[in-house]
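Colleague: Here you go, one structure.
What follows is calculated from the coordinates using simple rules that are stated; it is not laboratory data. Note that the structure is a prediction, hence the values are computed from the model and not measured. When we count neighbours, we look across all protein chains shown, and the Cβ atoms used for this are built from the backbone with ideal geometry, even at glycine.
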Amino acid sequence: MGAFATPRAGEYSARISLGSQQMSRAEISLSVNGETVEVSFASYKTLLELLREDLALTGTKHGCELGECGACAVLIDGEPQLSCLVLALECAGRSVETVEGMAESWKSGAGLHPLQAAFADLGAAQCGYCTPGILLTAKALLAHEPQPSRERIQEAISGNLCRCTGYQQIVEAIEEGARRMADESHR
């Protein structure tokens with residue numbers, strides 16, 4: 001057996017080294033993009049750091065570290081959360097979806113998620129830094145409201161900052177993504 005006992009879903013274990021480092025480590029099991037993952041990491045890490053540094057999922061962007069820009073938004077149990085403000089330990093036994101998992105989670109299983117395709121087709125991604133967080137926020141919105149008003153879309157993405165597009169193309173791409181999702185669900 002390794003340094004850690006394998007935790008059951010929803011639990012974590014931590015061990016403090018009394019050596020010179022005084023480093024606390026944790027091991028948790030969680031679902032990331034539909035796959036169960038067991039990971040050991042420094043217990044002080046945020047979900048953002050765990051995703052980028054330990055799981056090599058770099059689509060989630062490192063922005064302000066203050067929860068003000070939305071670049072690090074992911075879905076936790078289907079709801080948008082700012083991963084820079086969530087301790088990785090809090091995600092034990094939970095489901096986390098990143099932008100890398102969007103296409104795989106779409107029911108057609110082939111190609112991009114309709115939101116991703118609409119963003120590409122309508123030029124809603126300029127530099128692309130804010131795009132993963134906005135896509136996941138929009139996905140959560142459309143899961144609750146398949147045909148939201150323009151005002152509701154603007155409200156939903158109000159926590160996601162974009163310095164390039166002026167938001168018009170983003171809102172239009174979300175509307176188009178909603179249309180495409182509706183069309184595909186009627187097939």
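Colleague: Would you mind getting me the FRET efficiency between residue 68 and residue 168? Use the beta-carbon distance for r and R0 = 25 Å, nearest 0.05.
Modeller: Efficiency, from the Cβ-Cβ distance: 0.70.
Colleague: At 7 Å along Cα-to-Cβ for each site, give me the label-to-label distance between residue 54 and residue 179 in nm.
Modeller: In this crude spin-label approximation the distance works out to 4.3 nm.
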